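The values are calculated or read from the model by the stated rules, or taken from the named source; none is laboratory data. Worth saying up front: this structure is predicted, and the values here are computed from it rather than measured. Virtual Cβ from ideal backbone geometry, glycine too; neighbours counted across all protein chains shown.
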Amino acid sequence: MLDKKITVMMPAYNEEKDLPGLLDRIQNAMNEWANYQILVVDDGSHDRTAQIVNEAATRMPAKLIQHPQNMGLGAAMRTGLKAAAQDSDVVVTLDADNSQDPMLIKSMVERLGEGFDVVIASRFQPGAQEIGVPPFRIFLSHVASAGIRTLVGYQGVRDYTCGFRAYKAETLRHLIQTFGDHFIRENGFSCMFELLLNLRSLNARASEIPLILRYDLKEGASKMRILRTMWRYVVTLTRGYLPISWRAAPKQSGA
C-alpha cells in the first residue's frame, strides 16, 4: 500500500497525557507498510499538546495545525479533513485519547480497497468490546445507536458516532465540493453523526470492522457533555432529512 498516501488526522484538545503514547503507537502500526503522515489539529489547547506534536515531528512524519482558540470537535474535524483530503488518497480519523488501536488502520484501508468509501471501527460488530467504559455510558450509546439505526438505516453502518474511520479522500473531496463548509456544521460530538448523514446523501458505500475500545488506557478526562450531545443528535437527524440544496453552504458569487 505504499502507492497510496494515507493521512492519519486527529483533532486534539488538551491531550498532553495521552498524545505521546498514541503518536508512538501510530508510528509502530504504520512504519512497515504505509506511506503516511500524521496530522494533528490542536483546537486551542492550553497544555503541551502543540509542543508534543512539534517534538514528534523530528522523528516521525507529523504535522500540526493550530486553532487560536477552542472551537469544538466539529470545527477541528472540518479543518483537518479539508487539509488532509487535498493531498491524500486515504484519510483516517481517530480520537487523540489513546482509546482506539492504530493497528486496525491497515485492515480499514484494505476494506476501502474492496469498493467502500468509508470504513468505521465499530463498537457494535461481532467481536467488539468496550473496556473501562462506565456502564451508564455503554447503556446510553447502545440505546442511541439502536434508535439511530432504526431512523436512518444507512446500509453497512451500525456505529454512527465513533470517530475512528477511514475515508477515501476522493469521496471527502466530493463531499466538500457538494456541501462547502456545511459538510460539517455541528461543532460538538454530533459532527461524526452529521458526516455519515451527508455521506449517505451522496450514496457513499460504508462498511465496518469490530473495535475494541480501551477507555482504561486513556488518562485524560472525557470532554463529552452527554445531554447536550444527545440533543444535538436530534437536531442533526432532523437536518439530515432536508434536501442537499438546503444543507449545502451558499455558493459564493464571482467578483
| said: With the requirement that a residue be in contact with a helix residue (DSSP H, G or I) (Cβ under 7 Å, 6 or more places away or on another chain), among the aromatic types (Phe, Trp, Tyr) and either closer than 26 Å to residue 128 by Cβ or part of a loop (DSSP other than H, G, I, E, B) (or both), what does the stretch 165-199 give you? | reply: 189, 193
| field | One residue from 45, 88 being over 27 Å from residue 116 (Cα atoms), among the hydroxyl-bearing types (Ser, Thr, Tyr) and assigned to a loop (DSSP other than H, G, I, E, B) | value | 45
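Considering only residues that are of a type in the set (Phe, Trp, Tyr) and assigned to a loop (DSSP other than H, G, I, E, B), look in the stretch 7-42 and name the one that is farthest from the chain's Cα centre (by Cα).
First, the residues of the stretch 7-42 that are of a type in the set (Phe, Trp, Tyr): 13, 33, 36.
Still in the running and assigned to a loop (DSSP other than H, G, I, E, B): 13, 33.
On the way: 13: 14, 33: 22 Å.
Checking each candidate, the answer is 33.
Can you work out which of the residues in the stretch 48-63 that are of a type in the set (A, V, I, L, M), in contact (Cβ under 8 Å) with a residue 24 or more places away in the chain and in a helix (DSSP H, G or I) is farthest from residue 11 (Cα to Cα)?
Start the filter on the stretch 48-63 by keeping residues that are of a type in the set (A, V, I, L, M), which leaves 50, 52-53, 56-57, 60, 62.
In the following step, the residues that additionally are in contact (Cβ under 8 Å) with a residue 24 or more places away in the chain were identified as 52-53, 56, 60, 62.
Subsequent filtering for residues that are in a helix (DSSP H, G or I) retains 52-53, 56.
Details: 52: 14, 53: 12, 56: 16 Å.
Of everything passing the filter in the stretch 48-63, 56 is farthest from residue 11 (Cα to Cα).
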| request: Among the residues of the stretch 1-25, count how many are modelled with pLDDT of 95 or more, aliphatic (A, V, I, L, M) and surrounded by fewer than 24 Cβ atoms within 10 Å (Cβ to Cβ). | output: 0
| Here are some residues: 120, 38. Which one is over 21 Å from residue 215 (Cβ atoms) and not charged (D, E, K, R)? | 38
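Kindly indicate whether residue 159 is surrounded by fewer than 18 Cβ atoms within 10 Å (Cβ to Cβ) and of a type in the set (Asp, Glu).
Details: surrounded by fewer than 18 Cβ atoms within 10 Å (Cβ to Cβ): no; of a type in the set (Asp, Glu): yes.
No: the conditions fail for residue 159.
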